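Trainee: Structure in structure tokens, see below.
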Amino acid sequence: MYTQGLNSIDKIAAPDGEQAERFQARIDADDRIEPNDWMPEQYRRTLVRQISQHAHSEIVGMLPEGNWITRAPSLRRKAALLAKVQDEGGHGLYLYAAAETLGVSREELIDQLLSGRAKYSSIFNYPTLTWADIGAIGWLVDGAAIMNQIPLCRCSYGPYARAMIRVCKEESFHQRQGYEIMLTLSRGTPEQKEMAQDALNRWWWPCLMMFGPPDGESQHSDTSMRWKIKRFSNDGLRQKFVDATVPQAHFLGLTIPDPTLHFDEAGGHWVYGEIDWDEFRRVLAGDGPCNRERLAVRRKAHEDGAWVREAALAYAAKRSAATRQKAA
Amino acid sequence: MTEKAIPLWEVFIRSRNGLAHRHVGSVHAADATMALQAARDVYTRRGEGLSVWVVPSSAITASDPAEKGMMFEPTGTKIYRHPTFYDVPEEVGHM
């Protein structure tokens, strides 16, 4: 999911010259770019930032859901949630590996996240207050993520596209398990249904923001589109998500928290209300409900794991020294 | 960053017997044992494989994409290496 970074491009000189033309011709011919191929510096940097933001989002995304693993209402739910959170860890690792093929080290990427220089999706800075939030995240957040990620399976950069194919295959279980939670709650007691509605109320708008700023404001989209890093506009994907999700909410018997939402017969789309972009910018800039907590937890995990990394390396060094001695 | 970098390994998985191991991605690990464990956790959560290889990335020697012309183009003109280059009369049947 989590590719709000697709909306910016590094501000360095646009490439020109014969090499750049050949590069563009390869992309136009739907050829894939592989790690050691020549590429414009701007393409490389844009991808490093986007893939690593995507990876960071997966890793930070483990936290809101991890919050409920020990309190899942049944063993079935607990096993599913555990598997989902584990998948997100895996997705983060596929993506870090893809970013590293562009010549940046894992350590540097982690450092960018922990020092607050790198961004991750705004959605993970919202809290998970009730069990229904786990349902809403699977259904809505992962639903939005899938909309965003499917086109990335055809991204021009080979390693990113391959990682996204794996991610997408695994992601569809996430959305279905979330919807199942929502369905169970909305067919349950009035209190349970109320809980599901409350979760939808809190997650709906932040989910629409996941697709990034409106097309008019994302000034660098053209270059990303030309390079086939991005294949659909933010607003286009957002509309697709709304059109797919509104009938699913109706099936649950829940109300989308948007009084202006209506179906446009002529256009064949659900028309949604004004998105609070100030909130989006605040959360992205670090001032969401959980920004500080999320980073603090990641930093603590990293620091607490330092001795493990150190011990593993020391053990490996000792073993290889012993092997060399034996051979001598 | 004062920490020492943890080595990178390339991961290859045989999805079922009869197929070759195929590159699926990479992991960081301090040694081969940990690399195997990490590869299992990261790349086989859904029964994707029966066998895993991990290879230190630094042990791989790769051809240079910039020299791919020199490496591969010469075979482009050697069409006589393909069966379709040879004419066999139809009455001979499938060969």
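The values are calculated or read from the model by the stated rules, or taken from the named source; none is laboratory data. As the structure is a prediction and not an experimental result, all values here were calculated from the model. When we count neighbours, we look across all protein chains shown, and the Cβ atoms used for this are built from the backbone with ideal geometry, even at glycine. Surface areas here come from the heavy atoms of the whole protein model, side chains and all, with no ligands, DNA or RNA. Shrake-Rupley method; radii C 1.70, N 1.55, O 1.52, S 1.80 Å.
Trainee: Please list, ordered by first then second residue, the pairs with beta carbon atoms under 6 Å, 6 or more apart or interchain, first in region A:174-202 and closer than 15 Å to A:ILE256 by Cα and of a type in the set (Gly, Ala, Ser), second open to solvent by 70 Å² or more (accessible area, probe 1.4 Å) and assigned to a helix (DSSP H, G or I).
Mentor: A:SER186/A:LYS193
Trainee: Can you give me the number of residues within region A:85-120 that are among the hydroxyl-bearing types (Ser, Thr, Tyr) and not in a helix (DSSP H, G or I)?
Mentor: 4
Trainee: What number of residues in region B:44-83 are in contact with a helix residue (DSSP H, G or I) (Cβ under 9 Å, 6 or more places away or on another chain) and small (Gly, Ala, Ser)?
Mentor: Count: 2.
Trainee: If I filter region A:91-117 down to residues being of a type in the set (Gly, Ala, Ser), buried (at least 19 other Cβ atoms within 10 Å of the Cβ) and farther than 14 Å from A:GLU65 by Cβ, which single residue comes out as farthest from the other protein chains (Cβ to nearest Cβ)?
Mentor: Among those residues, the one meeting the criterion is A:ALA99.
Trainee: Just to be sure, is A:GLU293 open to solvent by 100 Å² or more (accessible area, probe 1.4 Å) and either in a helix (DSSP H, G or I) or free of Cβ contacts under 8 Å to residues at least 60 places away in the same chain (or both)?
Mentor: Answer is yes for this residue.
Trainee: Please indicate, with yes or no, whether at least one residue in region A:64-83 is within 14 Å of chain B (Cβ to nearest Cβ), surrounded by 21 or more Cβ atoms within 10 Å (Cβ to Cβ) and either within 29 Å of B:SER63 (Cα to Cα) or at pLDDT below 95 (or both).
Mentor: No, every residue in region A:64-83 fails to be within 14 Å of chain B (Cβ to nearest Cβ), surrounded by 21 or more Cβ atoms within 10 Å (Cβ to Cβ) and either within 29 Å of B:SER63 (Cα to Cα) or at pLDDT below 95 (or both).
Trainee: Quick one: in region A:163-183, of everything that is open to solvent by 60 Å² or more (accessible area, probe 1.4 Å) and more than 14 Å from chain B (Cβ to nearest Cβ), which residue is farthest from A:ASP133 (Cα to Cα)?
Mentor: A:ARG176
Trainee: Further question on the same structure: Quick one: in region B:1-30, of everything that is closer than 25 Å to A:GLN112 by Cβ and of a type in the set (A, V, I, L, M), which residue is nearest to the other protein chains (Cβ to nearest Cβ)?
Mentor: Step by step, filter region B:1-30, then rank; the result is B:ALA30.
Trainee: If I ask for residues that are of a type in the set (Gly, Ala, Ser), open to solvent by less than 10 Å² (accessible area, probe 1.4 Å) and either within 14 Å of another protein chain (Cβ to nearest Cβ) or farther than 19 Å from A:GLN149 by Cα (or both), which ones from region A:187-215 would you list?
Mentor: If the condition is that a residue be of a type in the set (Gly, Ala, Ser), open to solvent by less than 10 Å² (accessible area, probe 1.4 Å) and either within 14 Å of another protein chain (Cβ to nearest Cβ) or farther than 19 Å from A:GLN149 by Cα (or both), then A:ALA196, A:ALA199 are the ones that fit.
Trainee: Mind counting the residues in region B:17-30 that are over 21 Å from A:ALA163 (Cα atoms), out of contact with any Ser or Thr (no Cβ under 9 Å at 6 or more places or on another chain) and open to solvent by 30 Å² or more (accessible area, probe 1.4 Å)?
Mentor: Looking only at that region, the number is 2.
Trainee: Would you please name the residue that is farthest from the chain's Cα centre (by Cα), looking only at residues in region B:31-67 that are among the aliphatic types (A, V, I, L, M), within 11 Å of another protein chain (Cβ to nearest Cβ) and surrounded by 12 or more Cβ atoms within 10 Å (Cβ to Cβ)?
Mentor: B:MET34
Trainee: Sticking with this one: Specify which of the listed residues (A:ARG231, A:ARG281, A:ARG292) is over 18 Å from the mean Cα position of the chain (by Cα) and of a type in the set (Lys, Arg).
Mentor: Of A:ARG231, A:ARG281, A:ARG292, the one residue that is over 18 Å from the mean Cα position of the chain (by Cα) and of a type in the set (Lys, Arg) is A:ARG292.
Trainee: Write out, first by first residue and then by second, each pair whose Cβ atoms fall under 7 Å of each other, whose residues are 6+ apart or on separate chains, and whose first residue, in region A:28-45, is away from chain B (no Cβ under 12 Å) while the second is surrounded by fewer than 13 Cβ atoms within 10 Å (Cβ to Cβ).
Mentor: A:GLU41/A:ILE12; A:GLN42/A:ILE12; A:GLN42/A:ALA14
Trainee: To continue, here is another question. Any chance region A:204-214 includes a residue that's in contact with a strand residue (DSSP E or B) (Cβ under 9 Å, 6 or more places away or on another chain), closer than 17 Å to A:ILE51 by Cα and either in contact (Cβ under 8 Å) with a residue 12 or more places away in the chain or of a type in the set (A, V, I, L, M, F, W, C) (or both)?
Mentor: Taking every residue of region A:204-214 in turn, none turns out to be in contact with a strand residue (DSSP E or B) (Cβ under 9 Å, 6 or more places away or on another chain), closer than 17 Å to A:ILE51 by Cα and either in contact (Cβ under 8 Å) with a residue 12 or more places away in the chain or of a type in the set (A, V, I, L, M, F, W, C) (or both).
Listed here are the residues, each with its yes/no results for (1) among the hydroxyl-bearing types (Ser, Thr, Tyr); (2) farther than 16 Å from B:ILE13 by Cβ; (3) at pLDDT 95 or above.
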{"position": "B:LEU36", "(1), (2), (3)": "no, no, yes"}
{"position": "B:THR44", "(1), (2), (3)": "yes, no, no"}
{"position": "B:ALA59", "(1), (2), (3)": "no, yes, yes"}
{"position": "B:LYS68", "(1), (2), (3)": "no, yes, no"}
{"position": "B:THR77", "(1), (2), (3)": "yes, yes, no"}
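Trainee: Kindly establish whether A:HIS250 is within 28 Å of the chain's Cα centre (by Cα) and either open to solvent by 40 Å² or more (accessible area, probe 1.4 Å) or at pLDDT 95 or above (or both).
Mentor: It is true that A:HIS250 is within 28 Å of the chain's Cα centre (by Cα) and either open to solvent by 40 Å² or more (accessible area, probe 1.4 Å) or at pLDDT 95 or above (or both).
Trainee: Given A:ASP287, A:ASP304, which one is open to solvent by 60 Å² or more (accessible area, probe 1.4 Å) and modelled with pLDDT under 95?
Mentor: Exactly one residue qualifies, and that residue is A:ASP287.
Trainee: Restricting region A:147-160 to residues that are at pLDDT 95 or above and in contact with a Leu (Cβ under 7 Å, 6 or more places away or on another chain), which is nearest to the other protein chains (Cβ to nearest Cβ)?
Mentor: Across region A:147-160, the extreme among qualifying residues is A:TYR160.
Trainee: Quick one: count up the residues across region A:145-166 that are within 13 Å of the chain's Cα centre (by Cα) and β-branched (Val, Ile, Thr).
Mentor: 2
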